[in-house]
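A.B. asks: Take this structure first; my questions come after.
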There are 2 protein chains.
Amino acid sequence: MNITGKAAPTVTDCLVNGVPASLVSVRDRGLAYGDGLFETIQVRRGTSPLSDYHFRRLARGAQVLRLPLDLTLIRSEIEQLAKQIGDGLIKLTITRGESLRGYAMPPQPELTRILQSSPLPAYSPQHAEQGIRLYPCMTRLGNQPLLAGIKHLNRLEQVLARSEWQGAAYAEGLVCDLAGNPIEGTMSNLFVRLDDCWLTPALDQCGVRGVMRDFLVENLDGMGEGVVQRTISRDELLRSAEVFCCNSVFGVWPVVALEDRQWSVGPHTRVIQTLAKQVLS
Amino acid sequence: MNITGKAAPTVTDCLVNGVPASLVSVRDRGLAYGDGLFETIQVRRGTSPLSDYHFRRLARGAQVLRLPLDLTLIRSEIEQLAKQIGDGLIKLTITRGESLRGYAMPPQPELTRILQSSPLPAYSPQHAEQGIRLYPCMTRLGNQPLLAGIKHLNRLEQVLARSEWQGAAYAEGLVCDLAGNPIEGTMSNLFVRLDDCWLTPALDQCGVRGVMRDFLVENLDGMGEGVVQRTISRDELLRSAEVFCCNSVFGVWPVVALEDRQWSVGPHTRVIQTLAKQVLS
């Protein structure tokens, strides 16, 4: 039992600054202000195939937040933990550490580094095979170009969007910006096939640049099929021939329904799904 | 020493769910997503004069975030702690408690309730007497009407704005919205005197509705001097006759400089400063 009176995870589930632990200080700026970053990394047979993409995003976020990361240390800790768990997820959280009251950054922050491991999530294989229905979230993503794209700890928008539906009828929700343009899922990115071309929403005003999105954009480009990143209207989404959601944990889920609109799982989505499966397995 | 290797505050400095403690679970959603609210409450001679305003904002925030608060319990804990400390600050943090990985809210959350007390901050009395210089922050507040006005734990914008200057030359920074309109200080609200009328920026797109701002708007209204809440342009701020910043800890600081523009401390600001002093002391 920890101090909040709930069962603590076993200590091997979590490392705080390299030491088995399940608690952080109430003065941690991650708790006070969401002053930090996180990554959720899939591990298969002791390695994380997309780790380069995760560390690239982490470094980008650290630059924006001016967090002095020791990437070599983080990388080596994650590699070691990945070997120990074999298959599972590693959630890495980095915060600016403890400070006194007030927003000012400590001049020499001692970052807090949290590694939590958990089993692979048990998503229904039907999501990938037969596709999913998207819940149309009313929660809008605000505009904040400074923080767009990075995976910081200020995630109230995702929490509120994800709270709009319960139950298994929808595996993911569609989240739009203030203008009503589709941006992403609550935990995934969105690709749409329009006029024989793959599009994905530009994430320069809001949204999270997912690791699988980066991987697919890079690899489709290498296959001579560039993905256009731009504003996509709701109308374009509804007119599109194929739609899918992706992230680095579940890979690619074809979208087969959004409100009245229905799609069948298209051949181009299947090609990309195979690409994602190959890198994740 | 706590698990992160730093000196822990003495247990009487902090209560977690009513129990002396200085740690929270790594699974707390406050840490994971900034999924919660906070209030910083000034205590003088065992009472907090603006507590009604704090609890009103807390209740408003809890409604937006759908946090099932026990306000009676929170209030009684704060009143008890206020009596114990006499003079000081109480920082209340409420999070949605622990959950497994993922944005979905636990159906029956057990909120985490953190009370931290600290001495009154040692601001120079010159700030109130002679006025302050405002640092012109480049960090912009994003637009997010859903979260505007409440004091949630997603505060990266304030952290980044406050990090733009160091040292004592500036006691506060001016933060604008994406359009460049002045909105607030990093830790305070802004009032400007224009054409014999008090204005304060509308906070329906971004910004935090400070407790002292609410108090002043209400009380000036009661004195027959309504405060207009609307968009204020940078040009209007620079043309204004008087400017001040306010919060519930320091009261009212007249602004005497922003970049090339200089003001003297005006008589209308002094009236309001007295009003704030009376309620805070």
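The values are calculated or read from the model by the stated rules, or taken from the named source; none is laboratory data. Source: prediction; values computed, not measured. Neighbour counts run over all protein chains shown; Cβ positions are idealised from the backbone, glycine included. Accessible surface areas use protein heavy atoms only, side chains included; no ligands, DNA or RNA. Shrake-Rupley method; radii C 1.70, N 1.55, O 1.52, S 1.80 Å.
A.B. asks: Per residue of A:95-101, what is the mean number of Cβ atoms on other protein chains within 10 angstrom of that residue's Cβ? It would help to have the intermediate numbers written out before the result.
C.D. replies: Values: counts 1, 1, 2, 6, 0, 3, 7.
For peptide A:95-101, the averaged partner shielding equals 3.
A.B. asks: Between the helical axis of A:71-85 and the dominant principal axis of chain A, each derived from Cα atoms, what acute angle in degrees is found, rounded to the nearest 10?
C.D. replies: Between helix and principal axis, roughly 80 degrees.
A.B. asks: Turning to a different aspect of this structure: Mind putting a number on the dipole of the protein assembly as shown about its Cα centre? Charges go on the C-beta only, +1 for Lys and Arg and -1 for Asp and Glu, and I need it in Debye to the nearest 20.
C.D. replies: On the way: 58 positive and 58 negative charges, 203 e Å.
In total the dipole reaches around 980 debye.
A.B. asks: Let me ask you something else. Placing a label point 7 Å from Cα toward Cβ, how far apart in nm is A:Gln262 from its equivalents in the other copies, listed shortest first to one decimal?
C.D. replies: Values, ascending and in nm: 7.5.
A.B. asks: Select from A:Gly224, A:Gly34, A:Gly131 the residue whose mean-square fluctuation is largest in a Gaussian network model of chain A (Cα-Cα springs shorter than 10 Å).
C.D. replies: A:Gly224
A.B. asks: Can you say what percent of the DSSP beta bridges in the protein assembly as shown, counting only those with both residues inside, are antiparallel? Round to 5. Spell out each step's value before the answer.
C.D. replies: Details: 85 of 110 bridges.
The antiparallel fraction comes to roughly 75 percent.
A.B. asks: Once you sort the root eigenvalues of the Cα gyration tensor of the range B:125-280 as a ≥ b ≥ c, which label holds: rounded (a/c under 1.5), prolate (a/b larger than b/c) or oblate (the other case)?
C.D. replies: Working: a/c = 1.38, a/b = 1.17, b/c = 1.18.
Rounded.
A.B. asks: Where the only charges are on Cβ atoms (+1 Lys, Arg; -1 Asp, Glu), what is the dipole of chain B about its Cα centre, to the nearest 20 debye? Let's see the in-between values first.
C.D. replies: Details: 29 positive and 29 negative charges, 125 e Å.
Taking the Cα centre of chain B as origin, the dipole is about 600 debye.
A.B. asks: Could you work out the helix-only [θ] at 222 nm for the protein assembly as shown, with each DSSP H run of four or more residues adding -39,500 (n - 2.57) and the total divided by the number of residues, to the nearest 500 deg cm²/dmol? It would help to have the intermediate numbers written out before the result.
C.D. replies: Values: 16 runs with 160 residues, N = 562.
Mean residue ellipticity at 222 nm (helix-derived): -8500 deg cm²/dmol.
A.B. asks: May I pose another question? In whole angstrom, and with the biggest value first, how far do the Cα coordinates of chain A range along each principal axis?
C.D. replies: 53, 40, 39
A.B. asks: Sequence gap at least 6, Cα distance under 8 Å: using those rules, report the relative contact order of the range A:143-281 to the nearest whole percent.
C.D. replies: 22 percent
A.B. asks: Between copies, how far apart are the A:Thr231 label points? List them in nm, one decimal, shortest first, with each point 7 Å from Cα toward Cβ, please?
C.D. replies: Output for A:Thr231: 1.7 nm, nearest copy listed first.
A.B. asks: Determine the share of the range B:125-280's accessible area contributed by carbon and sulfur atoms, expressed in whole percent, with a 1.4 angstrom probe. Working shown, then result.
C.D. replies: Working: 2860 of 5940 Å².
Answer for the range B:125-280 is 48 percent, counting heavy atoms of protein chains only.
A.B. asks: Also, I was wondering about something else. Could I have the simple spin-label model distance between B:Arg45 and B:Glu259, label points 7 Å from Cα toward Cβ, reported in nm to one decimal?
C.D. replies: 4.5 nm
A.B. asks: Between B:Met138 and B:Gln80, what FRET efficiency comes out of the Förster formula 1/(1 + (r/R0)^6) with R0 = 41 Å and r the beta carbon distance, rounded to 0.05? Kindly include the intermediate steps, with their values, before the conclusion.
C.D. replies: Values: r = 43 Å, r/R0 = 1.05.
Result of the calculation: an efficiency of 0.40.
A.B. asks: For the modelled label position 7 Å from the Cα of B:Ala59 along Cα-to-Cβ, which residues of the range B:71-91 have backbone nitrogen atoms closer than 11 Å?
C.D. replies: Within reach of a label on B:Ala59: B:71-72.
A.B. asks: Still on this structure: For the range B:252-269, what does the Karplus curve 6.51 cos²θ - 1.76 cosθ + 1.60, with θ = phi - 60°, yield as ³J(HN,Hα) per residue in whole Hz, taken in order and with x for Gly and Pro?
C.D. replies: So the J values, rounded to whole Hz, are 10, 10, x, 9, 10, 7, 9, 6, 7, 7, 10, 10, 9, 6, x, x, 5, 5.
A.B. asks: Put simply, what bits of the range A:156-189 lose 40 Å² or more of accessible area when the other protein chains are there, versus the chain on its own (1.4 Å probe)?
C.D. replies: SASA drop of 40 Å² or more in the range A:156-189: A:Leu156, A:Val159, A:Leu160, A:Arg162, A:Ser163, A:Leu178.
A.B. asks: To the nearest 0.05, what FRET efficiency results for B:Ser118 and A:Glu110 with a Förster distance of 22 Å applied to their C-beta separation? Provide the component values of the computation, followed by the final result.
C.D. replies: Numbers: r = 20 Å, r/R0 = 0.91.
Efficiency, rounded to the nearest 0.05: 0.65.
A.B. asks: Could you tell me how many degrees, from 0 to 90 and to the nearest 10, lie between the Cα long axis of helix A:51-65 and the main elongation axis, the longest principal axis, of the Cα atoms of chain A?
C.D. replies: 70 degrees
A.B. asks: If you don't mind, there's one more thing I want to ask. Could you report the protein assembly as shown's accessible area per residue, 1.4 Å probe, as an integer in Å²?
C.D. replies: Working: 22470 Å² over 562 residues.
Here the residues of the protein assembly as shown average 40 Å² of exposed surface.
A.B. asks: If you don't mind, another one. Rounded, prolate or oblate for the range A:187-240? Axes are the square roots of the Cα gyration tensor eigenvalues, ordered a ≥ b ≥ c, and the cut-off for rounded is a/c under 1.5.
C.D. replies: oblate
A.B. asks: Can you list the copy-to-copy distances for A:Pro68, using a point 7 angstrom from Cα toward Cβ, in nanometres, shortest first?
C.D. replies: 4.5
A.B. asks: Something else now. Please compute how much accessible surface disappears when B pairs with A, both sides summed, using a 1.4 Å probe, and round it to the nearest 100 Å². Can you show the working numbers first?
C.D. replies: On the way: alone 14080 and 14090 Å², together 22470 Å².
It comes to approximately 5700 Å² buried between B and A.
A.B. asks: Would you mind calculating the gained length between B:Cys197 and B:Asp70 on full extension (0.36 nm times residue separation, minus the Cα-Cα distance), in nm to one decimal? Mind dumping the intermediate values first?
C.D. replies: Values: separation 127, 0.36 × 127 = 45.72 nm, distance 3.98 nm.
Gain on extension, B:Cys197 to B:Asp70, equals 41.7 nm.
A.B. asks: The range A:132-189: which GluC sites (Glu not before Pro) are DSSP loop and have at most 15 other beta-carbon atoms within 10 angstrom? Don't jump to the answer; show the numbers that get you there.
C.D. replies: Working: sites: A:Glu157, A:Glu164, A:Glu172, A:Glu184; in loops: A:Glu164.
Passing both the DSSP loop test and the Cβ count: A:Glu164.
A.B. asks: Something else now. Quick one: of the DSSP bridges fully inside the range B:101-193, what percent are antiparallel, nearest 5? Numbers along the way, then the final one.
C.D. replies: Working: 4 of 9 bridges.
Restricted to the range B:101-193, the bridges split so that about 45 percent are antiparallel.
A.B. asks: Principal axis lengths of the protein assembly as shown from Cα atoms, whole Å, largest first?
C.D. replies: Principal-axis extents of the protein assembly as shown (Cα, largest first): 73, 51, 41 Å.
A.B. asks: Please report how far the C-alpha centroid of the range A:28-65 lies from that of the range B:103-141, rounded to the nearest whole angstrom.
C.D. replies: Between the Cα centre of the range A:28-65 and that of the range B:103-141, the gap is 26 Å.
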